[in-house]
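For reference, the structure discussed in these notes is given below.
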Amino acid sequence: MKEAIFTQSALDDLEHLRKTDRNRILDAINQHLTADALPETRNRKPLRPNDLSAWELRVGVFRVFYDLDLESAQVIVKAVGWKVHNRLYIRGAEFYL
């Protein structure tokens, strides 16, 4: 089992969302990332090289961006945002990967 660690930026991203959305995202992180975050699945995939993170978890319209630290068995959640069509928004501002 892996431990989920949140950066301050990710915590700020979560605070920007409604409580029901936060709970849904946190449940998905618990379910999909703390058990085994490495294999690629339909809702979990590695990203092309970028400045934000190496992996993405899809939770409906929301996206959780994270890195894996295999040595310490940690999932480091770096950002949380949402997509509208092909545009990503983090804290209400459009973000480009």
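The values are calculated or read from the model by the stated rules, or taken from the named source; none is laboratory data. On a predicted model such as this, the values are computed, not experimentally measured, just so you know. Neighbour counts are summed over all protein chains in view; Cβ atoms, including those assigned to glycine, are modelled from backbone coordinates with ideal geometry.
Here are some notes:
- Candidate set: the range 1-13, residues that are modelled with pLDDT of 95 or more and crowded, with 17+ Cβ neighbours inside 10 Å; chosen: the one farthest from W82 (Cα to Cα): F6
- Residue in the range 55-86 that is nearest to T20 (Cα to Cα), counting only those that are among the small types (G, A, S) and at pLDDT 95 or above: G60
- Pairs where the first residue, in the range 13-32, is free of Cβ contacts under 8 Å to residues at least 40 places away in the same chain and the second is assigned to a helix (DSSP H, G or I), C-beta under 7 Å, 6+ apart: R22/L14
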